[in-house]
Amino acid sequence: MNDLAEFRHFKYLLAILEHRGLRVAAEHVHTAQPNLSMQAKQFQDNFSLRLFRKGRDGRIRVTDTGIAFVPIAQNLLSAPMHGRGSLQRSGNAGRSRRPR
C-alpha cells in the first residue's frame, strides 16, 4: 500500500459510510471528529475520490463511489484476521505428534 493510504483510512472511511455521520463514526473508531474529518478529506483528495458529501442539513450522503468502496474496505480490513486464522490453523496442522 502506498504512503497515501493506510488501514486507518479504510477503517475511518468505512465508519463514516456505515454510520452516515462524522460524530458517530469518530466515536466508533475512538478518535476525535476533527481528526476523522481531516483523514477522510486527505484520503479523498489524494485519490481524487468523493465517497460522500455533506448535505445542507449536515447529513452524510454516500456517493456511488462510496457505495462501491464499502465492500472493498470491508474485505481489506478483514484480511489480517483471515490471514492470522489461516496461519494459526496451518501452524496447528503442521505440528508433529510425538511417537508413543
Within the bounds of the stretch 74-96, is there any residue that is outside any helix (DSSP H, G or I) and either acidic (Asp, Glu) or modelled with pLDDT of 95 or more (or both)?
-> no
Somewhere in the stretch 11-19, is a residue hydroxyl-bearing (Ser, Thr, Tyr) and in a helix (DSSP H, G or I)?
-> yes
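Here's a check for you: in the stretch 1-46, which residue that is of a type in the set (Phe, Trp, Tyr) and open to solvent by less than 40 Å² (accessible area, probe 1.4 Å) is nearest to residue 77 (Cα to Cα)?
Here the answer is 10.
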Of (1) closer than 19 Å to residue 8 by Cα; (2) open to solvent by less than 60 Å² (accessible area, probe 1.4 Å); (3) modelled with pLDDT of 95 or more, residue 63 fails just (1)
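The values are calculated or read from the model by the stated rules, or taken from the named source; none is laboratory data. Keep in mind the model is a prediction, meaning the values are calculated, not measured. Accessible surface is based on the protein model in full, side chains and every heavy atom, while ligands, DNA and RNA are left aside. Shrake-Rupley method; radii C 1.70, N 1.55, O 1.52, S 1.80 Å.
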